[in-house]
Amino acid sequence: MTDVLKYICKRLAEFIVSILCLAFVIFSLLYLAPGDPARSLVGTKQVTPELLATIRETYGLDDPFFVQFGHWVQGAVHLDFGNSIRTGAPVTAYVAPHAAVTFELVLISLICSVVLGIFFGVVSAKGRGKLRDDVIANVSLVGTSAPSFAVGLFVLYVFALKFGWFPIYGVGEGFVDRLWHLALPAACLTFAVSALLIKITRSALIPEMEKDYTMFMRARSVPTHEVQAAQIRNASAPILTSAGLVLANLLGGTVLVESVFSIPGLGNLLASSVTFHDVPVVQFIALTLAFIVCLASAIVDILAYIIDPTSRRRRMLRSRVAAENWDDPANPPASLPNNTEGGVS
Amino acid sequence: MIDLSVTNLHVRIGASEILDGIDFVLDEPICMAIVGLSGSGKTMFARALMGLLPVGSEVTGEYLLGGGVFDFNAKEAAWREVRGKAIGLIMQDPFTALDPLGKCGDQILAGVPKDRKEAFDVKAALSEVGLPASVEGRFPFELSGGQRQRVVIAASLATEPKLLIADEATTALDVITQQEILDLIDGIRRGRGMPLIFITHDIGLVCKWADRIMVVENGRVVETGPAREITRNPKEAYTRTLAEADRLLNGAVLSAPGTSERIVLAATGLTKQFGKFRALDAVSLEVRVGECIGVVGESGSGKTTLARLLVGLEHPDKGRIEYFGKGLPQIVFQDPYSSLNPAHTVRAILTEALLAGGSRGKGGTQATLTIEELLQLAELPAELLDRKPARLSGGQRQRVAIARALAPGPEVLILDESVSALDVVVQNQILQTISRLRRERDLAIILITHDLSVVRMVASRIYVMSEAHVVEFGETARIFAAPRDPYTAKLLAAAAYADIPRENNPLAETPQDNTRTRNEGQISE
Amino acid sequence: MNRTIDTRARMPRSVKISIGVLIVIAACMAFPNLFAPGALNQDIAQGTLPALSPGHLLGTDALGRDVLKLLIAGARSAMVGPICIAVGSILIGILLGTIAGWYGGVADWIISRYADITLSMPTLLLAIVAAGIIGGGYWVSVLVMVILYSPFDIRLVRSAVVAQKGKPYIESALVMRISTGRILSRHIFPNISMVVFVNFFLNIAYGLVSMSSLSYLGLGVSPGDADWGRQLSDGRGVLFDNPAAALSAGIAIVVTAVCVNIVGNWMTERSSLES
């Protein structure tokens, strides 16, 4: 059990470092943006020297860079990201109302993607070499290659403009109407993300089907569903740990899809704030989304570690594996530390 | 007990004929060995019997099983009557045959038919294969190779098959474990009165365990008959080659003391630690000019670490290596498939090695050798020069590796399991080449291996290693005749050949003590 | 040995078609003026024409420009960025990946942690934010992408180098005291070049999707520029009058990315069969 705890600590430390790095990059954006940061923070208001001085004062712009970063992180921990340049309202209050619709969109797409992606991934792997595998593999190839805004525009044209089955923009009132409005954008996101999951599932599962233990199970007439369960269990680690990638794809895609369907969500707000150079809003949204992605990766990594008994004991076992393989020229000791690290990825 | 008969079995995968008209009958509870080199089709035969051939195989032939006719092209559902119920399979590699994420108890139970599951006693099944009841809740990775193979056997027996197939079931294991597993399988077979199909490349094992032999080559049956008759008096050329190869390994001796008393390489007190694991502990060793010494031990004993230290791939934590020869000691590794750069031709490989020897060799080795001479030394035909490794056989690759190692003009050559991945016939040819090099070029050879028959053939002195120590060293003949260390004795006993009844043992013709002098000249010339 | 000959002989039709399409796109990239002279000339008087109008196969856009010509002219802007991204990222990957894989130790630890941390970040999101806020146009976007893509390549090269490093033929070279530079250039690179090249090639497809996403959002290119992503967002305004203006650009992106993927996957398959 201590080993699990050790891993959790290690992974959480990695998570905190990632978030700090991200925060640093995102914070630096204000300074990387061309022009005087104070001026950027004034926005469209009339610029007077007094106003600039006040801004410098309140934001501490004359402090050393890292002191400012420290203050910013301190504020961020208390969810204080300053005021929006466009509206002057506190960033969190301004952004919050946009979050609900994005949350719904992402949740619907995520559920659909996971269900469809894993289902078709398994079907495709099971029927490899057959027609159904070809069809699924090709559709998922298009799904992973096609940018979501292009797919979005296509379905918008066909199903909303041409056939008029779905609304062109907006989010609708009430549950059913909302679902109806979100159907097309969710479908676009699902198409892209489930394609990715199909690919991951398929390529994780096929090697399992060719392994010796599969043949040995077949040689004993173990029921087919049990054989498949074993294969899926063995393939689950790479699928589970791809969750970070999946979520990153999903959130990146949301920005574009919301913009195609004019959905007033976080993505759309982020895109428009980027063009308006509303830096505090951009910082807040970017950090929030990145936080979610990093947290999700950390959680699934920990889950995968707990599920997999071999990784649970990996550390303890390292010495024993070493003892067994030391004299095996295929595993020279020099590469052992590398292999154990790299083997997880 | 179940009758099995196969007539005119053909298996074709793509364009290649894997099995070409095999006839096979097994109608008494005996141990039937199928012997052949790798690629002969023996494993595919076993798979065909269980409907486990790769997807896309074309199969024809008649299959009679337990009195009924069975179709080789039957659907998966029909094969369920055969797999487990009629025939049980023990696979080659215990490290991959079990589901890494399943507890051993569950895996043993998985093949048991539903109606018997309730009553099935996993602990009894474990104790039958000599495992403690606690293994039930263990994962495979927590067990050693031998223990895993026992779990595999228990899982195969759990379905109560009437016939057992063991497909190279001990090849992946150490000699001592190998012996134990073979004893176990044999005991179970006799206890249950069950026929066993024993598939192996090792004719030495067959002598000891099998009642009948079927020899396969290129998908055809070359010879079949009682084991004693065939091993003693093989009729077909192929069987003869197989048997002779083995006889040579076990009886003939190519070794001789060093050509000079001068010590060319001396290691003293070598110690190497990897993390918490001590790979070598105060190991000392010396080699004289033109001498071949053997370093023997099981995997994990530290012998490969020793080799890596001697050629400078690792540095010792303690101890000293002194080399008094020209050039630098060179090494030939085990795996013929990765020992050569796949992107280079033989010519490029040898040219680079010659350059490395000419420019870097200390002690004034003039790169006097040419590519042609290297080819001659390693007995390679010149037409291979412009081929890449992919177009060479395993034996040819190892010869190129030897030629490359000779290029810098070393006085010491280390062979780290360099022949173990090859077929016996090829092994012998290469060992003869090496012995010739030793004699003609005064090359000192350190032969590192787990295979006792190989050291017995070519080494004049042996170092036995176990758990990072040298437990015993001395003259080869003395160690084989009167081992002093209990571990050495155990190792020798386990080498399957040691206790073959004399009248059944084709290898027993050459007494050990005086072979060296008698055979040396005649075989190696 | 025979198998490789087989696979080479039997190049699937989909791969042949994809290679053909990519050659056409490469030609458009290299000589836009040859295929689409005056693509950026406007004829506002004409207004937006639907597809299949006389003289304008795909109609015209909001500024009255011929969509087909724009599409051909847009190939350069759409593809040059992704190619530069792939090149830059693979160069960083080879440099840092080789250092990490070959030398190991502290350098490996630092480089691997850097790659791990960057890999867990949402690439497209960061690219949008960074390119948008920094501004500075097309090449800044390319630079941001190179930085965000390189961790994948670093990891790939690192693990390929590590896999080769432990092989006996490399150890034999070490025993012969062959210099590190020579081992890397003569032994390791020839054996990892295929994996690296395939990855480089596939990165072009991902780069195309990422870059066109940025230009769709108006980052890196100005309104009215000939660039597939930009044309798509420009065309969105005239979706009623000439749907072909937006859809054709979308199809161009999808088809190109799919073709690159098909060829790349086929190369992966072939190289894994050969080894």
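The values are calculated or read from the model by the stated rules, or taken from the named source; none is laboratory data. Note that the coordinates shown come from a computational prediction; the quantities given were computed from them, not determined experimentally. Please note: Cβ atoms are built from the backbone with ideal geometry, for glycine as well, and neighbour counts cover all protein chains shown. Remember, those area values only see protein heavy atoms, side chains included, never the ligands or the DNA or RNA. Shrake-Rupley method; radii C 1.70, N 1.55, O 1.52, S 1.80 Å.
Quick notes on this one:
- Residue list for region B:285-306, filter: crowded, with 19+ Cβ neighbours inside 10 Å, away from chain A (no Cβ under 14 Å) and in a strand (DSSP E or B): B:285, B:287, B:288, B:292, B:293, B:294
- Selection within region C:115-146 - open to solvent by 10 Å² or more (accessible area, probe 1.4 Å), among the hydroxyl-bearing types (Ser, Thr, Tyr) and more than 9 Å from every other protein chain (Cβ to nearest Cβ): C:138
- All conditions but one from (1) in contact (Cβ under 8 Å) with a residue 60 or more places away in the chain; (2) within 13 Å of chain C (Cβ to nearest Cβ) apply to residue A:142; the one that does not is (1).
- The listed residue being assigned to a strand (DSSP E or B) and open to solvent by 10 Å² or more (accessible area, probe 1.4 Å), out of B:348, B:282, B:343: B:282
- Residue list for region A:212-252, filter: surrounded by fewer than 22 Cβ atoms within 10 Å (Cβ to Cβ), among the charged types (D, E, K, R) and modelled with pLDDT of 90 or more: A:212, A:218, A:226
- Selection within region A:45-75 - under 19 Å from residue A:284 (Cα atoms) and not in a helix (DSSP H, G or I): A:60, A:61
- Any pair with Cβ under 9 angstrom, 6 or more apart, that starts in region A:92-119 at a residue that is closer than 23 Å to residue A:137 by Cα and part of a helix (DSSP H, G or I) and ends at one that is open to solvent by 60 Å² or more (accessible area, probe 1.4 Å) and of a type outside the set (Phe, Trp, Tyr): A:117/A:199; A:118/A:232
- When restricted to residues that are outside any helix (DSSP H, G or I) and open to solvent by less than 10 Å² (accessible area, probe 1.4 Å), region A:122-145 contains 1.
Okay, residues lined up against (1) within 12 Å of chain C (Cβ to nearest Cβ); (2) under 30 Å from residue A:11 (Cβ atoms):
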| residue | (1), (2) |
| --- | --- |
| A:236 | no, yes |
| A:239 | no, yes |
| A:242 | yes, yes |
| A:254 | yes, yes |
| A:259 | yes, no |
| A:263 | no, no |
| A:272 | yes, no |
| A:275 | yes, no |
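- Count - residues of region A:293-308 that are within 9 Å of another protein chain (Cβ to nearest Cβ) and out of contact with any Leu (no Cβ under 6 Å at 6 or more places or on another chain): 5
- Residues in region B:197-219 include none that are away from chain A (no Cβ under 14 Å), closer than 29 Å to residue B:490 by Cβ, free of Cβ contacts under 8 Å to residues at least 60 places away in the same chain and not charged (D, E, K, R).
- Subset of region C:202-225 [aromatic (Phe, Trp, Tyr) and open to solvent by 30 Å² or more (accessible area, probe 1.4 Å)]: C:206
- Of the candidates C:90, C:128, the single residue that is modelled with pLDDT under 90 and in a helix (DSSP H, G or I) is C:128.
- Any hit, region B:322-341, residues being touching a His at 6+ places or on another chain (Cβ under 9 Å) and either over 27 Å from residue B:439 (Cβ atoms) or within 12 Å of chain C (Cβ to nearest Cβ) (or both): yes
- Inspection of region A:103-112 finds a residue satisfying the criterion of being surrounded by 14 or more Cβ atoms within 10 Å (Cβ to Cβ), in the same structural domain as residue A:195 (by TED's automatic domain parsing) and over 30 Å from residue A:229 (Cα atoms).
- Of the residues making up region A:76-89, those that are crowded, with 17+ Cβ neighbours inside 10 Å and outside any loop (DSSP other than H, G, I, E, B) number 2.
- Hits in region A:259-270 - residues which are closer than 19 Å to residue C:234 by Cβ and in a helix (DSSP H, G or I): A:259, A:260, A:268
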